């Protein structure tokens, strides 16, 4: 729970914007705070954007935001959240890491939305905490930080550490926080104003369950798919899947053909190739290591399957990822020393009219 560190009771939150941050995720954080101020009639929250320097930070959608303050002058926050995007693993400058560690030493709440979890992990601030990240990045995060407990939940809050899947999940996490601190009535009123059907809890998964796509009438099919997803590095045979599910091979084949329009082996192969693509995009692992991590016994077979599915060899994706890693500062302007922004740049309900 984030508490105000001043006598006014106003909670000050800083949002560290990393180049190519997700605009949807960022606005999903600040809109519920704005509505909390408006609906309560009190300045419950204030927030500032923070940049590496004073230059505008460009989001993944191309929209730029000039930060209210910089790492050099950012202070007085009760909590800090990292907002990042698809290229966060190539924007892990030492300045970010050093600053986040300083904030952690002050026992402040620290969070990340979307792929910002990478920066917290790189700074060593998630030890002993359950954390989450967008489902596309789970495999890469687990590979780079095997000591972490990475879940597929919408958000995780443990030991003053906040992480969420990004996108609209940031809205759910902040509504949950507002409900905890300010009361469930205010959180419900905000959700209604934002035309949010319901406030999802952290135990909700990020992706639609297979049962939601095919209905609840085929729990055995969902069980087999879950077994496949849990056994990527050492794939199970159709016989083993049949044994564990209590279905005959023929029954399995009929279920996959009827509800997923493919045979079990093809579905399993596509699961493994999708995992491989995530690892190629998000890590620097050699292609042969990616192949082994996804259950392929030979590089040529892996390359052929990958090319047949995605239309290009895995080496293409591997080389692009390595190129980005070798140029981590490509999207970041040089560090400049600007004068500290005025305190009044803090957002308040008076600064934004009620809509």
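Every number here is computed from the coordinates shown, using simple stated rules; none is lab data. Values in this document were obtained by computation on a predicted structure and should not be read as measured data. Cβ atoms come from the backbone with ideal geometry, glycine included; neighbour counts cover every protein chain shown.
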- Rounded to the angstrom and largest first, Cα extents along the principal axes for the range 1-131 equal 41, 34, 29
- Task: Rounded to the nearest 10 degrees, what's the angle between the helix 184-193 long axis and the longest principal axis of the chain, both from Cα atoms, 0 to 90?
- Result: 80 degrees
- Item | Kirkwood estimate for the chain, i.e. one over the average of 1/r between Cα atoms, Å | 22.1 Å
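Could you list 80, 133, 287 so that the one with the fewest beta carbons within 10 Å of its beta carbon is first and the one with the most is last? Intermediate values should be presented prior to the final figure.
On the way: 80 24, 133 32, 287 20.
Going from sparsest to densest Cβ surroundings: 287, 80, 133.
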- Estimated D of the range 235-313 in µm² per second, where Rh is the Kirkwood radius over Cα pairs and Stokes-Einstein applies at 20 °C, 1.002 mPa s: 157 µm²/s
- Over the range 77-152, what is the mean sequence separation of C-alpha contacts under 8 Å (at least six apart), divided by residue count, expressed as relative contact order in percent? 30 percent
- Message: Taking 8 Å as the Cα distance limit and 6 or more residues as the minimum spacing, I'd like the relative contact order of the range 11-205 as a percentage.
- Response: 21 percent
- Item | Using alpha-carbon coordinates, inclination of helix 264-282 to the longest axis of the chain, degrees | 40 degrees
- Message: What number results when the radius of gyration of the range 146-187, computed over Cα atoms, is divided by 2.2 N^0.38 Å?
- Response: 1.28
- the chain, Gaussian network, Cα under 10 Å: of 263, 18, 82, the residue fluctuating most is 263
- The FRET efficiency for residue 1 and residue 94, from their Cβ-Cβ distance with R0 = 41 Å and rounded to 0.05, is 0.85
- Item | Sequence of 172, 308, 204, 317 once ranked by neighbouring C-beta atoms within 10 Å, starting from the fewest | 308, 204, 317, 172
- Task: Compute the long axis of helix 94-105 from its Cα atoms, compare it with the longest principal axis of the Cα atoms of the chain, and write down the angle in degrees, 0 to 90, nearest 10.
- Result: 70 degrees
- Item | Relative contact order computed over the chain (Cα-Cα under 8 Å; 6+ residues apart), in percent | 18 percent
- Part-to-part distance (alpha-carbon centres) for the range 78-127 and the range 238-260, which is given in Å: 44 Å
- Query: Exposure proxy check: 275, 250 ranked by fewest other beta carbons within 10 Å?
  - Reply: 250, 275
- If you stretched the chain out fully between residue 288 and residue 198, how much longer would it get, using 0.36 nm times the residue separation minus the C-alpha to C-alpha distance? 27.9 nm
